[in-house]
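The values are calculated or read from the model by the stated rules, or taken from the named source; none is laboratory data. Computed from a prediction, not measured in an experiment: that's the story for all the values here. Quick reminder, even Gly has a Cβ in these numbers, built from the backbone with ideal geometry, and neighbours come from all protein chains shown. Protein only, heavy atoms only, side chains kept; ligands, DNA and RNA dropped before computing areas. Shrake-Rupley method; radii C 1.70, N 1.55, O 1.52, S 1.80 Å.
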Amino acid sequence: MTMDDPRKTDTSIFPDPVYKETVLRPLFDGAKAHHVEGFRAIDRAHLVMLAETGILNKEQAAAVAEALEAIDRDVDVSKLTYTGEVEDFFFLIEKELKARLGPDLAGRLHTARSRNDIDHTLFKLGLKERIDILLHKAQGLLGALIAAAEREKDTLIVAYTHGQPAQPTTFGHYLSAVIEVLIRDIERVHAAREIVDLSPMGAAAITTSGFPIDRMRVAELLGFSAPLQNSYSCIAAVDYTTATYGAMELMFLHLGRPIQDLQFWTSFEVGQVYVPNALVQISSIMPQKRNPVPIEHLRHLASQTFGRARAMLDVMHNTPFTDMNDSEGETQGMGYQAFDSAYRVLDLLAALVSQIRIDPKRVAANIRRSCITITELADSLVRREGLSFREGHEIAAAVARAVVAADGDLATDGYPAFIEAFEKSTGRKTLMDAETFAELVSPEHFVAVRTRFGGPAPEPLAAALESYRQQARDFAERAERNAERRTRAAHELSEKFAALMEQA
């Protein structure tokens, strides 16, 4: 008994219904939702290149151009429903071309290209657009942070370590630390964009083509900076995806940390940050409540963005170094959700930092209760009394314990405890009078004497803010150059495609 060859008995021309609904329809809908304009640009750029290199003659190129224009005019993509008659969106366009041109001429557009290089070019076009929006919004947040740091450069706050009051600084100094991390995060996103900005077109399936294609020309017409050099890399090395989402993951991990600080600082017990009424939600039952819920939304949206970006890296983990579906349509669509939540975080955080203010009464009360200027007393004993820092530290610690135990104020109540601790430790009287003591332990003095590079005193902080403004200007110039390239490429592609049609 012999078995029939299944290849001879399999006559179905439609996909399995389950395969259609679980794979092909979602892929088609994803292409329809995200990549129609990318398909359109790739078809036109590739056609212009085929004509310019002589791979297609003028008449052939003109006819294909007219047909592509007719498809754009006649087919309302938003109303398309996947039927299974064609495998995907690419073959839908090819089917429409065949209906207008016949199979021979319609098939010539696909000369020297593959769905492999088309797909990765589509994904890069989609990512570039989203990265540019991300950078624009991140630069908006950077500007808001710089403006807030400038506004609050002299505003005292309590700085915390290990969840406990540590030292006084200024809100401007704190925000400057956030600014520096954001600048580094923006740099990482720019670096990822440079990886994305290399065109895969011309790689075809794996190894380029025997036709005399011009890869640089297609890259130029599509607004890429250059072609990605190695053709295998074009379809296998999806580091453009991992670089992008790796940079996003870090950005929103980092933003989550100051967001958490703001949540803590707005608590009733700390209260050093005041959130205006426009950003506060009242309780439905407790009349006294002022809930700064935008901070909570920032925290969970930043975490969602981090999680979505991290999921993209997880999907790429242990995949083969080749063209594979793991990195393609549905995965790219999943990643776009990270951008959606990222935009919300950046806009809301920029609005928040522009409007919050420090409550000086709560800051003063917390400084008084916590003796956080006591470090400067220890330092001053080294400079003024010639003590070792360890001895000065022990004297200062004794003063702090006494003031906290008495629920006193260090500046006004600490001097008697200081005299006693100093004499007990050194066996002599201090040279410091009560007025000098009060000045040395004031938060204003604490900040003013920290004039070293990177410190909170006016001079180093002013220099830092100017450097941040310069970096913000540099980012703006890079964004402008990228936008100019996109505009120039789109204009040239439109002109060249129109010129093909004129030859019809």
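Each of 244, 375 has its accessible area taken with a 1.4 Å probe; listed largest first, they run 375, 244.
Per-residue surface analysis assigns residue 29 an accessible area of about 60 Å², computed on protein heavy atoms at 1.4 Å probe radius. Ligands, DNA and RNA left out, the accessible area of the stretch 74-132 computed with a 1.4 Å probe is 47% carbon and sulfur. Computing FRET efficiency as 1/(1 + (r/R0)^6) for residue 133 and residue 428, where r is the C-beta to C-beta distance and R0 is 51 Å, gives about 0.15.
Cα gyration tensor of the stretch 377-419, axes a ≥ b ≥ c as square roots of the eigenvalues: rounded (a/c below 1.5), prolate (a/b > b/c) or oblate? It is prolate, given that a/c is not under 1.5 and a/b is the larger ratio. With a simple spin-label model that places each label point 7 Å from the Cα along the Cα-to-Cβ direction, the separation between residue 491 and residue 211 comes to 3.0 nm. Residues 173, 136 ordered from highest to lowest accessible area at a 1.4 Å probe: 136, 173.
Length gain on complete extension for the stretch residue 501 to residue 104, per 0.36 nm per residue less the alpha carbon to alpha carbon distance?
141.0 nm
Prolate is the label for the stretch 371-504. Its Cα gyration tensor axes, ordered a ≥ b ≥ c, give a/c of at least 1.5 and a/b above b/c.
Rounded to the nearest whole Hz, the Karplus-based 3J(HN,Hα) values (6.51 cos²θ - 1.76 cosθ + 1.60, θ = phi - 60°) of the stretch 195-203 follow the sequence 6, 5, 7, 10, 7, x, 4, x, 5, with x at glycine and proline.
When the residues 216, 312 are ordered by accessible surface, computed with a 1.4 Å probe over the protein chains alone, the sequence from largest down reads 216, 312. Among the protein heavy atoms, those of residue 198 account for about 40 Å² of accessible surface (1.4 Å probe, every chain in place). Our note on the geometry: Cα centres of the stretch 130-208 and the stretch 19-77, 38 Å apart. Averaging the Cα positions of each part gives two centres, and for the stretch 411-442 and the stretch 264-339 these lie 50 Å apart. For the stretch 401-454, the Stokes-Einstein estimate of translational diffusion at 25 °C and a viscosity of 0.890 mPa s comes to 198 µm²/s, using the Kirkwood hydrodynamic radius over alpha-carbon pairs. Karplus-based coupling profile of the stretch 355-365, in residue order and whole Hz: 10, 5, 9, 8, 8, x, 5, 5, 5, 4, 5, with θ = phi - 60° in 6.51 cos²θ - 1.76 cosθ + 1.60 and x standing for Gly or Pro. Exposed loop positions in the chain were taken to be trypsin sites (Lys or Arg not before Pro) whose DSSP state is not H, G, I, E or B and which have at most 10 other beta-carbon atoms within 10 angstrom. Between these positions, the longest stretch is 1-427. For the stretch 219-235, 3J(HN,Hα) computed residue by residue from phi via the Karplus equation (6.51, -1.76, 1.60; θ = phi - 60°) reads 4, 5, 5, 8, x, 7, 6, 5, x, 6, 5, 6, 5, 5, 4, 4, 10 Hz, glycine and proline entered as x. Checking the cross-link pairs 361/429; 20/496; 128/153; 289/361 against a 31 Å limit on the alpha carbon distance flags 361/429; 20/496; 128/153 as lying beyond it. The portion of the accessible surface of the stretch 141-182 made up by carbon and sulfur, rounded to a whole percent, is 58 (1.4 Å probe; DNA, RNA and ligands excluded).
For residue 159, the amide hydrogen comes within under 5 Å of the amide hydrogens of 166, 167, 169, counting only partners 5 or more places away or on other chains and with H modelled in the peptide plane. With contacts taken as Cα pairs under 8 Å at a separation of at least 6 residues, the chain carries a relative contact order of 19 percent. Between amide H atoms placed 1.01 Å from N, distances below 5 Å from residue 357 occur with 274, all of them 5 or more places distant or on a separate chain.
Give me the one-decimal nm value for the distance between modelled label points at residue 86 and residue 191, 7 Å along each residue's Cα-to-Cβ direction. Going by the 7 Å Cα→Cβ label model, 4.1 nm.
In this view, the solvent-accessible surface of residue 435, computed with a 1.4 Å probe and all protein chains in place, comes to about 150 Å².
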